[in-house]
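Below is one structure, written out as structure tokens; comments come after it.
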Amino acid sequence: MADRTEPASAPSEMRRARWRYIGPGIVVAATGVGAGDLVATLLAGSKFGYTLLWAAVVGCVVKVALAEAVGRWHLATGRTLFEGWRSLGGWTSGYFAVYVVVWGFVYGATAMSSSALPLVALFPDGPDLKTWGILTGLAGLAFVWFNRYAVFEKVMTVLVGVMFVVVVYVAVRVGPRAGDAFAGLWPSLPDDSLLYTLGLIGGVGGTITMAAYGYWVNAKGWTDIGWLKVMRLDNRVAYLATGVFVVAMLLVGAELLHAANIALDSGGNGLVDLGDVLEERYGTATAKLFLVGFFATSVTSLIGVWHGVSLLFADFVENVRGGRGGRGGAGAGDGSAREVAAGSRERSLPFRAYLLWLTFPPMTLLWLDEPFAIVIAYGVLGAFFMPFLALTLVWLLNTDRTPREWRNGVLSNVLLTVSGGLFIVLCVQQIRDLPW
């Protein structure tokens, strides 16, 4: 990342206690880690033990680089990420428009189902999966609709605390072997482990919500380059916590599943299966506690997407209507105006329209098998988004769209380019695996 000293325009009390300001990084990291990511990490641990631990660590470094680049663009240029994309040509708007509509339709159902699964397991005599899914979707809609970023961040932070404590507790409970864990930090590739390795590096915590980080940074009130050090600390602390979280899940997979040769289902059902294994081994209390952590993980992804991607959509509509986002200069912009704009998006018609799109149309998929064409479109568009994000950031942050002193350094360019290449490989593999 660009190693420069930013102007001291942020409050002096912030410079004395930057850690008190962290928040947006926690939000983006928690939103990006969902039930599917936890199962992928568990499966990697169950198949290869501690061997791929290094890949989880490398994955967090990649996400730090991506989120730092997004945040630096917003702070250094005075422009949103979508304005940057539009400066690259009209093709970006066309791609985003198709992506955000199809992705939101399928993801809405996925998030509601994922949040419902632990509730069904916790309350077996209660409503069925579809009913719980609808209730969680409506609750997420109401929460984001009636609250602003400050409340949203506080609730996300509490849920992240629950996730973190529960998963680390379970990892300690299963008794990981420290020697084997440290050995797993040395890079190695067992037979048939390449795709699991790439998935751990590129998949866990990497979604469209990484693009929302800059919007959350602005909503926090960080509106110019004087907040750069705070943003970087926020980002690093968040992904350090994510790294511990992901490593803990991999240790659970390695110690509890790999050693006993226990197989899990893919998707959220795999976490319910793990709850059953924990109940058999460690008692009902540990199993129930894990299901609470599973619910917190799923809900952070749900409300994080409901809020963050709706901000992206609102900015997309603003740009298309107003024709903003030309090549132009990249000044620092008016910080107070940007903070007001970030707040007004949460009350805008496009923001709320996309909230409704994420909530109500996807409910139909809770009853129906996902239509084949939708599954294909969702898989293709989703696979292409992370390469799109990484490589457009390289483009934006190495040209005159960004002030010279805040452009990428060598380290940023290497990390973003490598991650872009990694995401392309994952994209090709995901497309190959689709049910054509």
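For this structure, a couple of remarks:
- Selection from segment 75-93 of residues that are within 21 Å of Glu405 (Cα to Cα) and free of Cβ contacts under 8 Å to residues at least 40 places away in the same chain: none
- Cβ separations smaller than 8 Å between residues 6+ apart or across chains give the following pairs from segment 94-113 residues that are touching a residue at least 60 places away in the same chain (Cβ under 8 Å) and part of a helix (DSSP H, G or I) to residues that are among the charged types (D, E, K, R) and surrounded by fewer than 19 Cβ atoms within 10 Å (Cβ to Cβ): Val106/Glu370; Ala109/Glu370.
- Residues in segment 41-67 that are of a type in the set (Val, Ile, Thr) and within 21 Å of Phe423 (Cα to Cα): Thr41, Val57, Val58, Val61, Val62, Val64.
- Of residues in segment 72-82 being under 21 Å from the mean Cα position of the chain (by Cα) and part of a helix (DSSP H, G or I), the one nearest to Trp222 (Cα to Cα): Leu75
- Checking Val58, Val33 one by one, the residue that is modelled with pLDDT of 85 or more and not basic (Lys, Arg) is Val58 and no other.
- Taking the conditions (1) farther than 15 Å from Val305 by Cβ; (2) buried (at least 23 other Cβ atoms within 10 Å of the Cβ); (3) under 21 Å from the mean Cα position of the chain (by Cα) in turn, Ser115 satisfies each one other than (1).
- Pair list, Cβ < 7 Å and 6+ apart or interchain, from segment 384-396 residues that are closer than 10 Å to Ile424 by Cβ and among the aliphatic types (A, V, I, L, M) to residues that are at pLDDT 95 or above and outside any helix (DSSP H, G or I): none
- Near pairs, Cβ below 7 angstrom, 6+ apart or cross-chain, from segment 215-237 (on the phi > 0 side of the Ramachandran plot) to any residue that is among the acidic types (Asp, Glu) and in a helix (DSSP H, G or I): Gly221/Glu339
- Neighbours by Cβ (under 9 Å, 6+ apart or cross-chain): first from segment 272-297, touching a residue at least 60 places away in the same chain (Cβ under 8 Å) and within 18 Å of Val33 (Cα to Cα); second of a type in the set (Asp, Glu) and outside any helix (DSSP H, G or I): Val272/Asp265
- Pro435 falls short on exactly one of the conditions (1) more than 21 Å from Ala109 (Cβ to Cβ); (2) in a loop (DSSP other than H, G, I, E, B); (3) modelled with pLDDT under 75, and that condition is (1).
- Any hit, segment 182-189, residues being buried (at least 19 other Cβ atoms within 10 Å of the Cβ) and either within 18 Å of Ala76 (Cβ to Cβ) or under 17 Å from the mean Cα position of the chain (by Cα) (or both): no
- The one condition in (1) β-branched (Val, Ile, Thr); (2) within 18 Å of the chain's Cα centre (by Cα); (3) under 25 Å from Arg20 (Cβ atoms); (4) surrounded by 17 or more Cβ atoms within 10 Å (Cβ to Cβ) that Val168 fails to fulfil: (2)
- Some residue of segment 171-180 being small (Gly, Ala, Ser) and without any contact (Cβ under 8 Å) to a residue 60 or more places away in the chain: yes
- In segment 26-55, the residues that are acidic (Asp, Glu) reach residues that are part of a helix (DSSP H, G or I) with C-beta atoms within less than 8 angstrom, at least six apart or across chains, in these pairs: Asp37/Val246.
The rows are residues; the columns are (1) modelled with pLDDT under 85; (2) polar (S, T, N, Q); (3) under 23 Å from the mean Cα position of the chain (by Cα).
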{"site": "Trp357", "(1), (2), (3)": "no, no, yes"}
{"site": "Ile376", "(1), (2), (3)": "yes, no, yes"}
{"site": "Gly379", "(1), (2), (3)": "yes, no, yes"}
{"site": "Ala390", "(1), (2), (3)": "no, no, yes"}
{"site": "Asp400", "(1), (2), (3)": "no, no, no"}
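The values are calculated or read from the model by the stated rules, or taken from the named source; none is laboratory data. All values reported here derive from a predicted model rather than from experimental measurement. Cβ: placed from backbone, ideal geometry, glycine included. Neighbour counts: every protein chain shown.
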